[in-house]
Every structure is written in structure tokens, then in C-alpha cells.
Amino acid sequence: MQTFQTLGLSEKLVQSVTKLGFTNPTPIQEKAIPVLLQGTKDFIGLAQTGTGKTAAFGLPLLQVVNPQFKQPSALIICPTRELCLQITADLKKFQQGSETIQVTAVYGGASIVLQIKDLKRGTQIVVATPGRLIDLIERRAINLENIEYVVLDEADEMLNMGFQEDIEFILQNTPKRESTWLFSATMPPEIRKVSKRYMESPVEVTIGKVNEGNSSIDHQFYQTQHHNRYEVLKRIIDFNPGMFGIIFARTKADAQEVAEKLTREGYDIDAIHGDLTQAQRDKVMGAFRERVLKLLVATDVAARGIDVKDITHVINYELPDDTEVYTHRSGRTGRAGRSGLCVSIVTPKEMYRLKQIERLVGTRFHRMDIPSGKDVCRKQFFHFTDKLLQADITHGEYETYVPMLREKFQEVSKEEILKRVAALEFDRFLKYYENASDLNVSGSQGLSRAEGKGGREGRDRRQQGSGGYQRLFVNLGTKDGFYKASLLQFILDMSDLPKAVLGKVDLKEKNSWIEVELRSAPKMIKSLDGKSFKGRRIRMNDADQNSFSKKR
């Protein structure tokens, strides 16, 4: 069995990781570190989140970077502020206080002036989000001329978020780089194109199969009708009283609505989505990390880069529009070798999409029965009795109160005391679930609809191609700050429609043309036409009725 020492790491770094509690390298670390320590080879590492990728590139980087050189010589690019801060903190931990290599984080949502001051003090490694790094390049506040090593972490997520042009711009501005290290959970065609353009004969390592799910995660699903989705979510939460998890919703409106409903019903929960300011986001994430909040509702974009330890459950309130996104959602649990649960709530019509995800992840999903009201109450009761028996009574002056309690309850039997305690704790659950209905959908009903109607509709739609779509014009484009991914997210959030209804998108400087399924086009027009964006009135209509379309 390999050790960190046999991989070629310096004694100092080996001592650091040992103090941090790392015993043996993970598979990605075992394969990546010897290659990266050479410092001259391009590298592609494909592995799921939570498999130790930060140490896989961070430890070699700390060893190959020259501490005497006070200009940036290594650049780590990642999709989000959270991941940027996490990588920076990890690199500092790996040095165990003797920070001979300076690491500086630059990201949006914080003072660029202070970040420029940090860079001027001298640093060897810069950890950056693409947008803020480009701002610094354009202000001439950072010099990439001497960058030798470029790391692209969570590369697939960056491309999903529309950062491809930014990444290519950054790579073009690092002409002296010795090697490029790319780490990703999946390998979409866009990443393959970037690697061919900017990397030379890269060493490629795949841990597991490409897109394969983490084997320590149990994938489960509950099938119900659409109108019961929220009630099923409540039952899953109530049936797992020790849950510490993330609930994924498709849109920011859904995330906010679910969080508000559960908060009103007494759950320790909050939402994280694109409408929050950075300060609000930091506050929510801080409360979640400290476990003041036991549940977090998030959209896919807002959850990029979230890395919180010991998450027990990931719940897909709605399946993602993009099947590959499922891998990133599920990867929030089952990290660092621990087991986790990824639970999906699906309707009969969504079963064909679940089958697609099964094939992508390469794992069979387990169908679970939605707990009955009695099941929930029974589970809560046992959880409470366990807590009661495990309560620490060694601290505090409880003995002082025993005589008073004995006197107070001298006419009450032990059985009655226990019943009263149970009544105080379970009255809400017992009343709520007293006449709870069965929310399950029969297996044969769900499967026949999914494979018959749902699957057939999907095939018909693919065969129709552009013929099954209506082409819409909208007066929004790159001049408004949109790139393709952000425009799609904007119109889907505004219309509350799934990504599956969209066809081709033609994004121009001032206007765009979007193909939308015939039956969904009227709803999209109604949702956007006449609304405002940055003080400007949005126009959306049938492209054939628009003069811009005819001129083309």
C-alpha cells in the first residue's frame, strides 16, 4: 500500500498531512501526486467530489513552487467563492503554520482594493474565480507572465456556469506555463475541446468510470404525484430526525418557497440562491456549517463549490434538468469515505429521466416506500427515547432538584410521567399525522407511464427536432451582460419552465432567438414580455412576427 512518503512528497509535507489525520492517500492522490511532482506534464484527473482532489493538486503545488520567488507562479481557478476560500484554507493547513508559500484568494463579492493590496505584498499561489481574475487582469493588478502552473478545479462546473470563454482568455494570458492540471467530476465535450487546445499530451487518470457516482452513496427515490411533492419532502425529513442535509430545488423561487414553508412549520432551515447578497449568503452558510441550521435549500448554481462536512442526506426535491448535474448534487454527501444518502422525489412522468440518470451514474437506484404517518411517529418516538437515555446528567446541579421533583410527582406513577413526557414531545406529530394519507404511487402505474408515455413523448420530441418548437425573439443579448448559460437560467427562472422545453439558442449582442416547445411558448412569452431588466422593458414575441428576424 502506498504512503504519502513513497509518493515523493517532502518530509515536511508528510509530517503536515500526518498531523491533519491523513494516513494513506486516496486513489486520485495516489495516481496524481507522482505525476504532478514532476512539474512538467499536463494532467487530467477525473474523480468524484469528496475524493481528495484538493490535496491531489495542492500538495504537489506546495512542493514545486519556488518560495524565494515573490511573484505569482501558480494559479488555481475554481467556479465559486466558497470553493476558492476552501482551497486557500486547505493549502494553508497543508503547511501547518510554517507558510513558506504564500497563498492569496481573489473572488467576487469582496473588496477588490483589499485583494489588490494582498497581491502587492507578494504571493506565490493565487486561487481565483474566473470573473474576479479577469477584472484584475484588465486593471493590470496581477501579472500572469511568470505563471508556471495552472490548475482548473471543478472544470465541468465552470463550463456549466458559462465560464469557457473566461478560462480560455486566462490560459491565453499565461504564456510561460510549464503545465496545466485539470480536475473534473465529469468529462463533457467542451472540456475535451479545451484540453486539446491548451494541453500537450496530458496524462489522464480516471478514478472509477467517467460520470460514475460515488460508491459510498446510496441512491434512493420516492415516487408520488406532483401535487404531493411537498408533503413527501416533509415525511422524508420527519422520518429522518437526525438529518443534516441539502435539499435541491430547480429554481430560486422554488428554493425560497420550500424554505419559507418549512420555517413556518418549525424546521431549522434556510435557502441559498442567486438573489441573496454575499453578506446574506455568508450568514446562511455560516449557520449551516455550525449546524444552527440542519437543512439548506439550494439551487444548483448557488450550491457550486459548497463543501460542508458530514452531510447525511442530499434530497432532490426536483430532478435536475441536466442529468450530469445529478453527479454534483449527490457528491455533496458521502465525502472522504463516509457513507451518504441521495434521495429523489419523482413523479410517474419523470421516471424516464431517473432511468437516464441511473445509466449515467452507473448505479441502480432503490425505490423506497413513502413512510406512513404511523411510521413517522414511531421513528420520532424512538429517536426521542434514545436522546432521553443518552442525555448527560453529570454536569449541572440536577441532584438539587430531585427532592422537589420527587415531591411534585409522588402521586403520579412512572408510566404516567413517561406518557406526559411523550405527549409534550409528540403532540404536534400525532395531530399532524393522525389521518395521514398514503402518498405512494403503485410501481406498475409509475413504470408504465414512464416507459410508455413519458419515454415515447421524449422520443417523439427528439424526432420532431426544430419542427416541434416555436422560435421566439427577445431583446436581450451579450450587451446586457448575458452569456448563453446565464440567459437560459434567467428565462427559466422568470417562466418557471424546465430546461427540457428549450431547443436551439442564438445569442447576439442586442437580441436573442430561442426555440421553445410549442405548448410552452405562450407561457414563456407571458412570463417575460413587458417585464423589466435593469430598468429596460423586455420584449418577447414570435420571431416570425419580428422585424429583426425577417432582416436575418
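Looking only at region 264-295, which residues are more than 15 Å from GLY109 (Cα to Cα), of a type outside the set (A, V, I, L, M, F, W, C) and not in a loop (DSSP other than H, G, I, E, B)?
Once the filter is applied, which keeps residues that are more than 15 Å from GLY109 (Cα to Cα), of a type outside the set (A, V, I, L, M, F, W, C) and not in a loop (DSSP other than H, G, I, E, B), region 264-295 yields ARG264, ASP270, GLY286, ARG289.
Out of the helices (runs of 4 or more DSSP H) lying entirely within region 401-488, which hold 1 or more residues that are basic (Lys, Arg) and modelled with pLDDT under 75?
Ranges flagged: 455-464.
Conditions (1) open to solvent by less than 60 Å² (accessible area, probe 1.4 Å); (2) of a type in the set (Ser, Thr, Tyr); (3) at pLDDT below 90; (4) on the phi < 0 side of the Ramachandran plot, marked per residue:
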{"position": "GLY245", "(1), (2), (3), (4)": "yes, no, no, yes"}
{"position": "THR251", "(1), (2), (3), (4)": "yes, yes, yes, yes"}
{"position": "GLU260", "(1), (2), (3), (4)": "no, no, no, yes"}
{"position": "GLU265", "(1), (2), (3), (4)": "no, no, yes, yes"}
{"position": "ALA271", "(1), (2), (3), (4)": "yes, no, no, yes"}
{"position": "MET285", "(1), (2), (3), (4)": "yes, no, yes, yes"}
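Output the number of residues of region 536-552 satisfying the condition of being surrounded by fewer than 19 Cβ atoms within 10 Å (Cβ to Cβ), modelled with pLDDT under 80 and not charged (D, E, K, R).
4
Go through (1) at pLDDT 85 or above; (2) among the acidic types (Asp, Glu); (3) open to solvent by 10 Å² or more (accessible area, probe 1.4 Å) and name the single condition ASP238 misses.
Unmet condition: (3).
If the Cβ limit is 8 Å and pairs must be 6+ apart or interchain, which residue in region 62-81 that is open to solvent by 40 Å² or more (accessible area, probe 1.4 Å) pairs with which residue that is of a type in the set (A, V, I, L, M)?
Final answer for the pair search is GLN63/LEU9; GLN63/LEU13; GLN63/LEU37; PRO67/ILE101; ARG81/ALA110.
Just to verify a result, which residue in region 491-521, among those that are closer than 18 Å to GLY162 by Cα and without any contact (Cβ under 8 Å) to a residue 24 or more places away in the chain, is surrounded by the most Cβ atoms within 10 Å (Cβ to Cβ)?
Ranking the candidates gives LEU502 first.
Residues are listed down the side, and each one gets a yes or a no for (1) in contact with a Leu (Cβ under 8 Å, 6 or more places away or on another chain); (2) more than 23 Å from THR88 (Cβ to Cβ):
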| site | (1), (2) |
| --- | --- |
| ASP135 | no, no |
| LEU144 | yes, no |
| GLU148 | no, no |
| ASN173 | yes, no |
| ILE191 | yes, yes |
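Table: residues versus (1) under 26 Å from the mean Cα position of the chain (by Cα); (2) touching a residue at least 60 places away in the same chain (Cβ under 8 Å).
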| position | (1), (2) |
| --- | --- |
| GLN2 | no, no |
| LEU36 | no, yes |
| GLY39 | no, yes |
| ASP42 | no, yes |
| GLY52 | yes, yes |
| ALA56 | yes, yes |
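How about region 520-536: which of its residues are within 31 Å of the chain's Cα centre (by Cα), farther than 19 Å from LYS499 by Cα and either aliphatic (A, V, I, L, M) or outside any loop (DSSP other than H, G, I, E, B) (or both)?
The answer is SER532, PHE533.
Residue by residue, here is whether (1) outside any loop (DSSP other than H, G, I, E, B); (2) at pLDDT 90 or above holds:
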residue	(1), (2)
THR18	yes, no
ASN24	no, no
GLY39	no, no
GLY45	yes, yes
GLY50	no, no
ALA55	yes, yes
LEU59	yes, yes
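The values are calculated or read from the model by the stated rules, or taken from the named source; none is laboratory data. Remember, it's a predicted structure, so these values are computed and weren't measured experimentally. Glycine also receives a Cβ, built like all others from the backbone with ideal geometry; neighbour counts cover every protein chain displayed. Heavy atoms of the whole protein, side chains included, go into the accessibility calculation; ligands, DNA and RNA do not. Shrake-Rupley method; radii C 1.70, N 1.55, O 1.52, S 1.80 Å.
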